[in-house]
Amino acid sequence: MLDREQIEAYHRDGYLHVKQLFTPEETEELASEMVRVINEWGQETIGWPGPWRARYLAEEEQQTTKAVFMHNPHFYSSTWGRVIFHEGLIGAVQDLIGDVVQWHHTVLHAKPPEKGTPFPMHQDYPFYPHDALDFIDCLVHLDDTPLESGALQVVPRSHKDGPLEHITGQGTAPHLPTDKYHPDFIDSIPIAAKKGDVIFFSYCLIHWSNVNRTNNWRKSVRFGYHKADMRPVNKDLNEPYNNIIAGGFKTNPSATA
Ligand SMILES: O=C(O)CCC(=O)C(=O)O
């Protein structure tokens, strides 16, 4: 699926942009099903709450951004269920983290036209901390995503520092402290993408994205996968931890046969 240079780049930089991993027909079907899911089940919010808004947005915009987030689109659409096992997607994930791959989540992050919400600098680790680092996020683009539409921006190699302390608590989504981690002081690389592209990134990679200032929607869907022997931190060891196996076979270390 991926070549050696791509695999090395992912491990070195913490991310990899794979162009046209989905065919135009596949992307078209996924996008039109997602529009239907949004229209029938979606809800508009301002996006992630939190004190970070004061550092990323002008005062008059701080409470007026727009977002549609939707977990588990496969609850509504079988197309979105099947894509969890998409051969190209899973093949790439296996090349990056190993053969036995467990699905963790699918979530839509849609930025509506004109004032689609930004995201502050953060790692995804604090949203779902696990006991190892082979957790990969895959951002599937359903629309062309030029920089002005609030494209993903990444801090290359930042995953090497492992999990960092985030601001957490009631009334905020986890984010890095804005006095130290902010695009004003930390260089990042914007990744303009086309529909059908996928950006793979480590859940320890620092990333953020700006407001969608275009007249078009910017919809992308994040899939999370990890090695099947990983577990959420602090989960009781006596409690099983299983989910969809999207690649390979999960062996039972205590099986005797
Ligand atoms: O889609 C984006 O622009 C950023 C989303 C994000 O921060 C994330 O998936 O963790």
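Nothing in this text is a laboratory measurement; each read-out follows from the coordinates by a stated rule. Model, not experiment: these values are computed from the prediction. With ideal geometry, Cβ positions are generated from the backbone for all residues, glycine too; neighbour counts draw on all protein chains shown.
Worth pointing out:
- With distances taken between every two different alpha-carbon atoms, the range 173-228 has a Kirkwood hydrodynamic radius of 14.1 Å.
- Among Pro129, Pro112, Pro24, the largest mean-square fluctuation in a Gaussian network model of the chain (Cα springs under 10 Å) belongs to Pro24.
- Where the alpha-carbon atoms of the range 4-247 are placed on the principal axes, they occupy 48, 40, 38 Å, in descending order.
- The orientation-averaged shadow of the Cα convex hull for the range 151-257, equal to a quarter of the hull surface, comes to 10.6 nm².
- Non-local Lys pairs in the chain, i.e. 8 or more apart or on different chains, that have alpha carbons under 25 Å apart: 25
- CD proxy at 222 nm, helix term only [per DSSP H run n ≥ 4: -39500 (n - 2.57); per residue of the chain; nearest 500]: -5500 deg cm²/dmol
- The amide H of Leu152, built 1.01 Å from its N in the peptide plane, has Ile191 as neighbours under 5 Å, considering only residues 5 or more places off or on other chains.
- In this structure, the amide hydrogen of Gly14, modeled 1.01 Å from its nitrogen in the peptide plane, lies closer than 5 angstrom to those of Arg157, counting only residues at least 5 positions away or on a different chain.
- The chain: angle of helix 4-13 to the longest principal axis, Cα-based, in degrees nearest 10: 60 degrees
- The range 124-162 versus the range 75-91: alpha-carbon centroid distance in Å: 20 Å
- By other beta-carbon atoms within 10 Å, ranking Ile7, Ile38 with the fewest at the front produces Ile7, Ile38.
- Using C-alpha pairs under 8 Å with a sequence gap of at least 6, the mean separation divided by the residue count of the chain gives a relative contact order of 31 percent.
- Listed by Cβ neighbour count within 10 Å, with the fewest neighbours leading, Lys250, Lys19 appear as Lys19, Lys250.
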